[in-house]
1. Normalised by the residues of region 1-85, what does the relative contact order come to in percent, with Cα pairs under 8 Å and at least six apart?
2. So for region 51-173: antiparallel DSSP bridges make up what percent, rounded to the nearest 5?
3. Taking the Cβ of G485 as the centre, find all other residues whose Cβ is under 14 Å away and add up their charges (Lys, Arg: +1; Asp, Glu: -1).
4. Of all DSSP beta bridges in the chain, what percent run antiparallel (nearest 5)?
5. Show me the GluC sites (Glu not before Pro) within region 372-427 that DSSP assigns to loop and that have at most 12 other Cβ atoms within 10 Å of their Cβ.
6. Could you state the angle between the C-alpha long axis of helix 649-670 and the longest principal axis of the C-alpha atoms of the chain, as a value from 0 to 90 degrees rounded to the nearest 10?
7. Give me the percent relative contact order of the chain, please, defined on Cα pairs under 8 angstrom at least 6 residues apart.
8. What's the angle, to the nearest 10 degrees (0 to 90), between helix 588-598's Cα axis and the longest principal axis of the chain?
Amino acid sequence: MLEGKYQEFYKQISQTISEERIFTDKLHTLAYGTDASFYRLIPKIVIKTDTPPQQVVSILELANSMELSVTFRAAGTSLSGQAITDSILVVTSRSFRDFRLSDDKSEISLQPALTGQEANNILAPFSKKIGPDPASINAAMIGGIAANNASGMCCGIADNSYKTLKSMKLIFQDGSRLDTGCESSKAEFRKTHGDFLKELKQIAIDTVNDEELRAKIERKFKIKNTCGYSLNALIDFEDEFEILQHLIIGSEGTLAFIEEITYKTVEDLKDKASALIYFKNVKEACNAVTKIKLAREANKITVDAVELMDRAGLRSIENDPAMPEFIKEFDNEVTALLIETRAINDETLDTQIKELETLLEEFEVKRDIYFTKDVAEYTLYWKIRKGLFPAVGAVRETGTTVIIEDVAYPIEVLADATLELQELFKKHGYKEALIFGHALEGNFHFVFTQDFAIEEEVKRYDAFMNDVVNSVAVKYQGSLKAEHGTGRNMAAFIEVEWGGKTAYSMMKRIKTLFDPKELLNPGVIINDDAQAHLKNLKAMPATNEIVDKCIECGFCEPTCPSNELTLTPRQRIVINREISRLTREGKLDEAKEYEELYQYDGIETCATCSLCSTACPVKIDTGSLTKHLRAEQIDIRANNIANKIVDNFSTTLTGMKFGLSSANIVHSILGTASMQTITSTLREWSGNKIPKWSPYLPRPAKINTNFEQQLKDKKKLSISHHVLTVL
Ligand SMILES: Cc1cc2nc3c(=O)[nH]c(=O)nc-3n(C[C@H](O)[C@H](O)[C@H](O)COP(=O)(O)OP(=O)(O)OC[C@H]3O[C@@H](n4cnc5c(N)ncnc54)[C@H](O)[C@@H]3O)c2cc1C
């Protein structure tokens, strides 16, 4: 039941948006409250926006006038807690799917609910793609990709959203709109938002004039960085509209709503080769990465991606049938690099391979270096690499959470910094932690499992993270978030990373300028709470072993046929986890409430097609869970019927005797042929609900009515099953 301002907001917004698209019930607010991070906030109101952009404008105008905060949601695959809220959640994922392609295919305009892969599918026939390439690209949507400045294995900092942005259509917190690709829109904005543009320009001038700050920004954005706002916009551009739109990249829904983005497309070279190379240890592998990176910068080699997987990472995938058997035999130090090079034709590709092989000759490797051009073979390697994080999540202890961190180091310190990271795992007892990631960009993810249900464990996590922050951001001058966004997870550490007060105060000035009332995704990026990273942690209670391994990444969602109708597989799992938790804690009434709400959205509308398992990196089949739940329900219903029969056995027998006698009487009057025709027609009309009549049906027997008492005296459950079978 909504209270106060939210009730009023609901009343007013439901006059412009159909109530069918607005959710305030327990089930939907919890289901949509979940993203892929280890944080949870439950929204009071979820709105699935329909007709872009008028509905977003209405929502923002109303929320602004009532001072209620709003968070935008694309695919909800974010990992830092930036796609959740306890206020109003605006879900754009069911609409906003238009696109336009320029005549020469050099630009593509995309609405925010297309997935990155859908955009690439549009571009594929022209050998083009969008720049950003997160591993989550099949599920992640353009709005989230741009708002997080997501990147991946190949795009680095050269082809990310920041670098490939052409223009944007935006909706601001007060409902006003701007199209940076349209001169008349810009002219109008100048008239209505003159002071805004003046202050924006002033922030940029102050930044450029502050030599120390300017140098820091230049240095920090030489590597991937999504910790805080994209301050590089302040020094890279002079035009206010360029500054403005580049600040939106990586702003995680805290500055404005992206209604459309136009990207410059990039070439998608088809001639590719990949090698999985096994180095003797992590230091050797990191040194090889540094050498590759420097050679690439000097234009001596062409390499598109270098991904590192440490021994623990390799172990988590060594049983995959696609992986070579010999990996299992490696010692504990072996570290792999997955390298890809792409060329304009096959001949050039061969040259590039040769150059890479020569470059790597000096390093100690466990197997001969072998580049494959076989599409099936390298596609499998990359698929496995992309699924590494969820795969690790799947081997965690049930009930624990899997955490993925996302740091970047300057390439020169990569080996030392990585060794220190491994030491920190040992110091804090994270024995299972593993490292993998976009080594060419100095961008590593480390993954570990964490129990947030125990206070001591939360303290351990906090101590570990403090050491990580000091090592990454202070000692090695790296980025605390390279591509996943600051969210709630790193908000408390932005000042540590950026040092001093200047950079952070610029970020606060930016936030105040765009969102003076702090209504857009509050708590994300700018958050004064030093403990924000330890609050609103999400538990992962066990529910059913069919789905317990799920890390709620959301990769399943685009494949699910009920996605747009009711719930997605991830959401079904979330609700089942909650029902199990409530049941375990004895909160049965609340659990029942969820169960009732879940019946249609969760059970009846699941197609049980198992398509979700094809997208899930660990093949979780939520369809199986539904079948299991349906079977359980049938069992319960059958038991109830059987128990009723047992409790009223003489009435049942009398009824059956009457039925059999009546059938016999009518049979003797009509004869077998007519009786057969009439009963089968009646049966057909009733949809097979009337039992099939047969001329061999027995006559009613004489029954000992004490039998009912005997039945009652015996164990009901087993007898009821027996009686049901007999009947
Ligand atoms: C298994 C796994 C692997 C991943 N791998 C990578 C990777 O390789 N590289 C990487 O960078 N990330 C990765 N991620 C993180 C995540 O997938 C990306 O950041 C992705 O781009 C988020 O997109 P989304 O559609 O899920 O956005 P959401 O999570 O829905 O939203 C992201 C942010 O954008 C805001 N937002 C959404 N739509 C709009 C809009 N229209 N206007 C303004 N703001 C908006 C939201 O409020 C939120 O702050 C991974 C995640 C998972 C679970």
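1. Numbers: 99 pairs, mean separation 29.7, N = 85.
Relative contact order, region 1-85: 35 percent.
2. Values: 4 of 8 bridges.
Taking every DSSP beta bridge within region 51-173, about 50 percent pair in antiparallel fashion.
3. Numbers: positive: R73, K224, K481, R488; negative: D35, E252, E405, D406, E483, E497.
Counting the neighbours of G485, the net charge comes to -2.
4. Rounded to the nearest five, the antiparallel share is 85 percent.
5. Values: sites: E377, E397, E405, E412, E420, E423; in loops: E397.
Of the GluC sites (Glu not before Pro), the ones in loops of region 372-427 whose Cβ has at most 12 other Cβ atoms within 10 Å are E397.
6. Helix 649-670 and the main axis of the chain meet at about 70 degrees.
7. On the way: 1320 pairs, mean separation 99.3, N = 727.
Result for the chain is 14 percent.
8. For helix 588-598, the angle is close to 80 degrees.
The values are calculated or read from the model by the stated rules, or taken from the named source; none is laboratory data. Quick caveat: nothing in here was measured; it's all calculated off a predicted structure. Don't worry about glycine lacking a Cβ; one is built from the backbone with ideal geometry, like all the others, and counts go over all protein chains shown. We work out accessible area using only protein heavy atoms, side chains counted, and drop any ligands, DNA or RNA first. Shrake-Rupley method; radii C 1.70, N 1.55, O 1.52, S 1.80 Å.
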